[in-house]
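Trainee: Dumping the structure here so I can ask a few things about it.
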Amino acid sequence: MSQPRPLSQRRFLLTLLGGVVALLVLGAGFNFMVDPYASFRWGDIKGFNDQKTLRRDGGRVNKALILGHTQFDVLFYGTSRGEMGFDPSSPALGGVPAFNASLSDSNMAELARAAEYAARHQSPRLVVVGLDLMMFGTRTATGGDFERSGFAGASPWPVYARRLLSLQAFDDSGWVLFSSAKGMRQSFAKDGSYDIGARKKSFDHRAEMDGVIRSQLAPTKAAKTYAGFHYAPERMEDLRRLLAAFDNGRTRMVLAITPIHAKVLEAKAAAGLMPAWEQWKRDLAATVAASKAELWDFSGYNAVTTEDIPRDPATRMRWYWDGSHFTKAAGDLMLDRVLAARGDESFGIRLTPDNVETVIGRIRAGRVAYAASHPDEVAEVAAISRR
Amino acid sequence: MLFNSAPFLFAFLPLALAGFFGFRRVGWRPAMAFLTVSSIVFYAWWNPAYAWPLAVSIAANFALGQAIARTRDTGWGGTVLAAGIALNLAFLGVFKYERFFAESVAPLLGLMIEARGLDLPLGVSFFTFTQIAYLVDVRRKLAQDGDALSYTLFVTFFPHLIAGPIIHHKEMMPQFRQPRRQCPASENLVAGLSLFAIGLFKKAVIADWVASYVAPGFSAAAAGQELSLGAAWTCALAYTVQIYFDFSGYSDMAVGLARLFGIDLPVNFNSPYKSASIIEFWRRWHMTLSRFLRDYLYFPLGGGRSGPVRRHVNLMVVMALGGLWHGAAWTFVAWGCLHGLMLVGNHLWREVRPAEPGRGEMIAGWVLTQVLVIAAWVFFRANSFDAALIVLKGMAGLGGGAAKVAWDGLALSLVLMAFCALAPNSQQIMQATGPGLEPVDSPKRFAWAPTTGWAWALAAMLAVSVMTLWRTSEFLYYQF
């Protein structure tokens, strides 16, 4: 077999360096064509590149980029609860363009900045914000890649360069092609929502819920847990900033206190947070009353929040993943209640300064009734909190 | 500045090369001066405050070298050398071991010392060892440098400054005065760039890829969680592969970069995971450190000349100090002592069975060597003895725990281990270009040649590596 003819040194160098440039251009062209993170908005082809991913570890940059260039009629906000529970394809929305702009592991200070950015680029007709007490603590730090995103004022050009010329993007392009060809839904989809069910085939809800309760009650000073949490009323100022961002006369603002499962609410109580939780609701009602927004309370005790936790890992819960994160089915119920006034006020009641004490009293009574009907669940929480 | 960073690849290196070739037309000395300044910029880029300890160390050792040269034939020679070595060790101690001494050693001696926690200048272990070797060589009449510029370049030359290879004055200075490679610049560029591309790929693509399988297991162990058999072997094997591709990748890049300037550095790795014994492993792993420890510690201690017992004691001392050199923690000492024990055991085995091993024994020796090396790496990587023991317990099948087994990581690590054991190494692949200072075997397969195929293969490696620059990661050996 004949040997390949050697090149001159100069020719070898030119081929090598020219090859690098050519391969980088090819790689960038491939990433542009597949557009795995919906960065270049040239369109999706079903079966080719429609199953895009936002990547959880790059989610803030990708969400800011999308909010900067695509118009939506509906925006959802919240933390991971909002990201997992609010479905932009919910039937209650009637098929209008919607995007889940929630940020996982977030707080009100960060969400307010993200909302102000979105309001500069969007004119939505509806904004739904999922709220829970943990967003109103002392923690104001931004999370993930926030500081590299448009939310923090970063230029999009380095992001575009990175989307074209990174091995991660190349890898994700391949994954998007494969997923699209197979019709597999991405867990962190291009509509901004996160579907843990698309990633995990089996889900042991009881173990997950116990894990959440254990980590929330572990002795720690971390402000992310119930045990280390301190309510900071000054976060209401951040909420006012968020409300002001969309106070344009066209946008309906709906704030929703998310439906925490009764067992996880017991953990919150075990951490001594019930007085803070109730005061937070009073402060919310007062703050929202001074704006044009609506405040809805989906917490408390009802058929959704007291859903049985299966002891068999093969059985799926309908409304919850882990007691803190509700399913899209529960999110759809919430949207139905708010947008179509379906259902009764046992799940979702408009909260105002006038009825807040009544609602708080009703929830206190509901807690007593739950303890009587579910003594084993309450005892488990108490046992965990004593460790 | 990191070799695998965009500022280095797209700004510093092209400018350094262009400046060097420009000054080279004027003369070798101006080119040396330019390289020296460039190297100092390279070093100070990370943190300008680090440049002062480096400058003090170079100035002091240059003066000590002059003093040793003047007194080496007098009764004072040994004293000046001892003072020089003591000063260097004190320098290293102040920056690297002060906290370790205050927090771990002083309490054992009943002392209460508060650590000041000085910042560790990058590469302090490497440039201190390089200069200790220089002082000893001056005393032995193997080296002498009266030229401050060439001495400064010898220490600071950026390809080796931060993480080696540890170089000797006697092998480098002739090159700094007159490059060994009197070939056209394009030949050096082809050879250097090709080796650099292989090294960059090893670090930026392979080592950083497999690194993602290392942290979960060791983090879980650090948090006190037990590991299953699969999870423990995944993280231990992945680290075994990561540290090899990380450091050998760095060494390839260093040798390749030096070659761009017509300078040859010693190679630092020779397929260590092909070793069928621990003795062989240490002839193939971090070869310039092994050489340093042998020539400047083991031999001065008496080596193997004073009987087998003394030889084994010397080996243990050398390996324990070699472990401590890697990091100021007892886990590093434990790693060194484990290797010391393995070396002693290996020597004893050879005395019991001096015959040439057969094929079966070679295979058994290879398996045993790899298992022992992997187990010892656990102490090197773990941040405490408790964490190391949890991983080792898991590897022995005695753990449990909920940490997930990353089967893809385990498969990847095994494939890469097989590659390390079977494929030719970088310098063998590049044998046709004469990489490094020592002669290299030619491989049976995958031999580089200046062909279109190799140009495209290396272009692909470089292009993929460039696409990883967004998540530039540090080299493991920077912290040592």
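Trainee: Step by step: first the residues of region B:417-438, then only those that are among the polar types (S, T, N, Q) and either within 14 Å of chain A (Cβ to nearest Cβ) or part of a helix (DSSP H, G or I) (or both), then the one that is most open to solvent (accessible area, probe 1.4 Å). Which residue is that? Quick ask: steps written out before the conclusion?
Mentor: Initially, region B:417-438 is screened for residues among the polar types (S, T, N, Q), giving B:425-428, B:431, B:433.
Still in the running and either within 14 Å of chain A (Cβ to nearest Cβ) or part of a helix (DSSP H, G or I) (or both): B:426-428, B:431, B:433.
Details: B:Ser426: 6, B:Gln427: 14, B:Gln428: 30, B:Gln431: 65, B:Thr433: 19 Å².
Step by step, filter region B:417-438, then rank; the result is B:Gln431.
Trainee: So, in region B:462-479, how many residues would count as being over 17 Å from B:Val190 (Cβ atoms), outside any loop (DSSP other than H, G, I, E, B) and either within 14 Å of chain A (Cβ to nearest Cβ) or of a type in the set (Ser, Thr, Tyr) (or both)? Reasoning before the result, please.
Mentor: Pass one, region B:462-479, residues over 17 Å from B:Val190 (Cβ atoms): B:463-479.
When the remaining residues are screened for being outside any loop (DSSP other than H, G, I, E, B), the result is B:463-466, B:469-471, B:476-479.
Of the ones still in play, those that are also either within 14 Å of chain A (Cβ to nearest Cβ) or of a type in the set (Ser, Thr, Tyr) (or both) are B:463-466, B:469-471, B:477-478.
Of the residues in that region, 9 qualify.
Trainee: If I ask for residues that are polar (S, T, N, Q) and open to solvent by less than 40 Å² (accessible area, probe 1.4 Å), which ones from region A:177-216 would you list? Can you show your working first?
Mentor: Here is the first cut: in region A:177-216, the residues polar (S, T, N, Q) are A:179-180, A:186-187, A:193, A:202, A:215-216.
Those that are polar (S, T, N, Q) and open to solvent by less than 40 Å² (accessible area, probe 1.4 Å): A:Ser179, A:Ser180, A:Gln186, A:Ser187, A:Ser193, A:Gln216.
Trainee: State whether the residues of region A:35-58 include one that is of a type in the set (A, V, I, L, M) and outside any loop (DSSP other than H, G, I, E, B). It would help to see each step written out before you state the result.
Mentor: The first filter runs over region A:35-58 and keeps only residues of a type in the set (A, V, I, L, M), leaving A:38, A:45, A:54.
Next cut, outside any loop (DSSP other than H, G, I, E, B) only: none.
No, region A:35-58 has no match at all.
Trainee: Right, something else. Give region B:439-461 a look and list any residue that's more than 14 Å from every other protein chain (Cβ to nearest Cβ) and in contact (Cβ under 8 Å) with a residue 40 or more places away in the chain, or say none.
Mentor: B:Val440
Trainee: Moving on. When region A:141-176 is examined, which residues are found to be touching a helix residue (DSSP H, G or I) at 6+ places or on another chain (Cβ under 7 Å), open to solvent by 40 Å² or more (accessible area, probe 1.4 Å) and under 21 Å from A:Asp50 (Cβ atoms)? Quick ask: steps written out before the conclusion?
Mentor: Pass one, region A:141-176, residues touching a helix residue (DSSP H, G or I) at 6+ places or on another chain (Cβ under 7 Å): A:142-146, A:148-152, A:154, A:156, A:159, A:162-167, A:169-170, A:173, A:176.
From the residues that got through so far, the ones that are open to solvent by 40 Å² or more (accessible area, probe 1.4 Å) too are A:142, A:144, A:148, A:156, A:162, A:164-165, A:167, A:170.
Result: A:Leu164, A:Phe170.
Trainee: Going by the conditions given, is A:Leu23 more than 18 Å from A:Arg55 (Cβ to Cβ), more than 8 Å from chain B (Cβ to nearest Cβ) and either open to solvent by less than 20 Å² (accessible area, probe 1.4 Å) or not aromatic (Phe, Trp, Tyr) (or both)? Before you say what the answer is, go through the steps one by one.
Mentor: Details: more than 18 Å from A:Arg55 (Cβ to Cβ): yes; more than 8 Å from chain B (Cβ to nearest Cβ): no; either open to solvent by less than 20 Å² (accessible area, probe 1.4 Å) or not aromatic (Phe, Trp, Tyr) (or both): yes.
No.
Trainee: Still on this model: Does B:Ser413 satisfy the condition of being within 14 Å of chain A (Cβ to nearest Cβ) and open to solvent by less than 10 Å² (accessible area, probe 1.4 Å)? So that I can check it myself, show each step before the final result.
Mentor: Numbers: within 14 Å of chain A (Cβ to nearest Cβ): no; open to solvent by less than 10 Å² (accessible area, probe 1.4 Å): yes.
No, not satisfied.
Trainee: For region A:225-283, which positions are assigned to a helix (DSSP H, G or I) and within 18 Å of A:Ser215 (Cβ to Cβ)? Talk me through it step by step, then tell me what you get.
Mentor: Here is the first cut: in region A:225-283, the ones assigned to a helix (DSSP H, G or I) are A:235-245, A:262-270, A:274-283.
Matches in region A:225-283: A:Lys263, A:Val264, A:Leu265, A:Glu266, A:Ala267, A:Lys268, A:Ala269, A:Ala270.
Trainee: I'm trying to understand the selection: among the residues of region A:219-238, which are exposed (fewer than 15 other Cβ atoms within 10 Å of the Cβ) and free of Cβ contacts under 8 Å to residues at least 12 places away in the same chain?
Mentor: Across region A:219-238, the qualifying residues are A:Pro219, A:Thr220, A:Lys221, A:Ala222, A:Glu234, A:Glu237.
Trainee: Go through region B:118-135 residue by residue and tally those that are open to solvent by less than 30 Å² (accessible area, probe 1.4 Å) and either under 17 Å from B:His326 (Cβ atoms) or without any contact (Cβ under 8 Å) to a residue 40 or more places away in the chain (or both). Can you show your working first?
Mentor: Going residue by residue through region B:118-135, those that are open to solvent by less than 30 Å² (accessible area, probe 1.4 Å) are B:121-135.
Okay, now just the ones that are also either under 17 Å from B:His326 (Cβ atoms) or without any contact (Cβ under 8 Å) to a residue 40 or more places away in the chain (or both), so B:121-130, B:132.
Within region B:118-135, residues that are open to solvent by less than 30 Å² (accessible area, probe 1.4 Å) and either under 17 Å from B:His326 (Cβ atoms) or without any contact (Cβ under 8 Å) to a residue 40 or more places away in the chain (or both) number 11.
Trainee: State which residue pairs qualify: first residue away from chain A (no Cβ under 14 Å) and inside region B:205-216, second residue buried (at least 22 other Cβ atoms within 10 Å of the Cβ) and assigned to a loop (DSSP other than H, G, I, E, B) in any location, beta carbons under 8 Å apart, and separation of 6 or more residues or different chains.
Mentor: B:Pro216/B:Ala403
Trainee: OK, next. In region B:27-60, which residues are open to solvent by 30 Å² or more (accessible area, probe 1.4 Å), free of Cβ contacts under 8 Å to residues at least 40 places away in the same chain and farther than 20 Å from B:Leu189 by Cα?
Mentor: B:Pro30, B:Val37, B:Val41, B:Pro48, B:Trp52, B:Ala55, B:Val56, B:Ala59, B:Ala60
Trainee: Moving on. Could you grab me the full set of residues in region B:327-349 that are open to solvent by 100 Å² or more (accessible area, probe 1.4 Å) and touching a residue at least 24 places away in the same chain (Cβ under 8 Å)?
Mentor: Going through region B:327-349, the residues open to solvent by 100 Å² or more (accessible area, probe 1.4 Å) turn out to be B:330, B:341, B:349.
Across region B:327-349, the qualifying residues are B:Trp330, B:Leu341.
Trainee: Still on this structure, please answer the following. In region B:177-217, what count of residues is obtained for those that are surrounded by 19 or more Cβ atoms within 10 Å (Cβ to Cβ), of a type in the set (A, V, I, L, M, F, W, C) and over 22 Å from the mean Cα position of the chain (by Cα)?
Mentor: Residues that pass the stated criteria total 2.
The values are calculated or read from the model by the stated rules, or taken from the named source; none is laboratory data. This is a predicted model, so every value here is computed, not measured. No Cβ is skipped: glycine too gets one built from the backbone with ideal geometry, and neighbour counts run over all protein chains shown. All accessible areas refer to the heavy atoms of the entire protein, side chains included, with ligands and DNA or RNA removed. Shrake-Rupley method; radii C 1.70, N 1.55, O 1.52, S 1.80 Å.
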